[in-house]
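Have a look at the structure below, then the notes.
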Amino acid sequence: MNYGSRKDVKKLLKNGLVTVNGDRVKNGKTHVAPDGDVIMVAGEEVVYVEHIYLMLNKPDGVISATEDHLHDTVLDLLDEEHIHFEPFPVGRLDKDTEGLLLLTNDGQLAHELLSPKKHVPKTYYAKIDGKVTDEDRVYFKKGVTLDDGYVTKPAELTILKNGDGSEIELTITEGKFHQVKRMFEAVGKKVVYLKRISMGPLQLDPNLSPGEYRPLESNEIDLLKGR
Ligand code: URA
């Protein structure tokens with residue numbers, strides 16, 4: 001809980017700074033119940049948290065995985081105080097996709113957000129090489145046939161800017177491989193910039209620059225858990 005390494009904590013114990021239910025404890029082998037016992041360090045109560053929830057604005061060029069032989073992963077962007085909770089990314093964004101990526105060590109929540117049965121909506125902002133038309137919008141609403149024959153679930157396409165290059169927002173409720181890029185390929189257009197701006201009730205914080213992250217606020221965690 002951010003009191004340092006095992007070695008640091010042994011020092012705190014040895015120096016008599018740790019109490020459990022009011023009794024000074026010096027032995028690091030002492031067993032405690034995190035949700036029952038009151039543990040204090042230098043007079044300050046230790047608040048035990050099991051799960052962490054981090055909102056990252058994923059930058060271009062990093063992999064949304066916990067390990068990669070060649071490239072930096074999203075974990076390389078985190079501070080040690082968060083890494084020791086062993087968070088992992090909830091789903092994947094392509095290496096060149098930016099935007100909202102949730103990192104957590106709460107396997108149950110991750111599972112629920114990723115379950116195909118839950119149809120969690122994900123909204124993307126994209127720049128498109130080519131003119132996106134109202135016909136595309138209608139087609140996306142019906143379902144797009146991808147290169148492998150798969151027909152996507154209905155998707156909501158909003159055209160923000162239309163000209164030589166277009167800007168759009170697209171909401172999909174599934175997560176097929178390269179889905180947004182392939183949906184536009186199906187109508188002969190190319191995604192040249194892609195950024196996820198929301199996932200379920202969670203919106204990307206506009207104050208986070210690419211590469212920055214912050215812990216979720218408690219109301220955001222409640223929203224995600226449907227409370
Ligand atoms: N769709 C894509 O094509 N790429 C992503 O990273 C996310 C959705």
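Comparison of A126, A110 shows that the only residue that is assigned by TED's automatic domain parsing to the domain that holds L160 and on the phi < 0 side of the Ramachandran plot is A126. In a residue-by-residue description of the range 208-226, the property of being within 16 Å of the ligand (Cβ to nearest atom), touching an Asp or Glu at 6+ places or on another chain (Cβ under 8 Å), assigned by TED's automatic domain parsing to the domain that holds I159 and more than 20 Å from G165 (Cα to Cα) applies to no position.
The condition of being in a loop (DSSP other than H, G, I, E, B) and not assigned by TED's automatic domain parsing to the domain that holds P215 does not hold for G91. K153 meets all of the listed conditions (1) modelled with pLDDT under 95; (2) within 16 Å of the ligand (Cβ to nearest atom) but one, namely (1).
State yes or no: is R196 in contact with an Asp or Glu (Cβ under 8 Å, 6 or more places away or on another chain), away from the ligand (no atom under 16 Å from the Cβ), within 24 Å of H111 (Cα to Cα) and modelled with pLDDT of 95 or more? Considered against the rule, which asks whether it is in contact with an Asp or Glu (Cβ under 8 Å, 6 or more places away or on another chain), away from the ligand (no atom under 16 Å from the Cβ), within 24 Å of H111 (Cα to Cα) and modelled with pLDDT of 95 or more, R196 comes out as no.
Sub-8 Å Cβ pairs linking a first residue in the range 180-204 that is over 21 Å from V90 (Cα atoms) to a second residue that is of a type in the set (V, I, T) and surrounded by fewer than 19 Cβ atoms within 10 Å (Cβ to Cβ), at least 6 apart or interchain, are A186/T145, ordered by first then second residue. Scanning the range 84-94 for residues that are over 14 Å from Q179 (Cα atoms) and either within 13 Å of the chain's Cα centre (by Cα) or within 11 Å of the ligand (Cβ to nearest atom) (or both) yields P87, F88, P89, V90. Listed by first and then second residue, the pairs linking a residue in the range 72-94 that is touching a residue at least 12 places away in the same chain (Cβ under 8 Å) and closer than 28 Å to P116 by Cα to a residue that is away from the ligand (no atom under 16 Å from the Cβ) and part of a helix (DSSP H, G or I), with Cβ atoms under 7 Å apart and 6 or more places separating them unless they lie on different chains, are L75/I83; V90/A110. All but one of (1) in contact (Cβ under 8 Å) with a residue 60 or more places away in the chain; (2) of a type outside the set (A, V, I, L, M, F, W, C); (3) more than 16 Å from the ligand (Cβ to nearest atom) hold for S115; which doesn't? The one condition S115 does not meet is (1). Filtering the range 125-146 to residues that are touching a Lys or Arg at 6+ places or on another chain (Cβ under 6 Å) and either basic (K, R) or over 19 Å from L93 (Cα atoms) (or both) leaves D129, G130.
Only one of the numbered conditions (1) buried (at least 20 other Cβ atoms within 10 Å of the Cβ); (2) over 12 Å from the mean Cα position of the chain (by Cα); (3) hydrophobic (A, V, I, L, M, F, W, C) is not met by L100, and that is (2).
The values are calculated or read from the model by the stated rules, or taken from the named source; none is laboratory data. Treat the numbers as computed from the prediction; the structure is a model and nothing was measured. All Cβ positions, glycine included, derive from the backbone under ideal geometry; neighbour counts span all protein chains shown.
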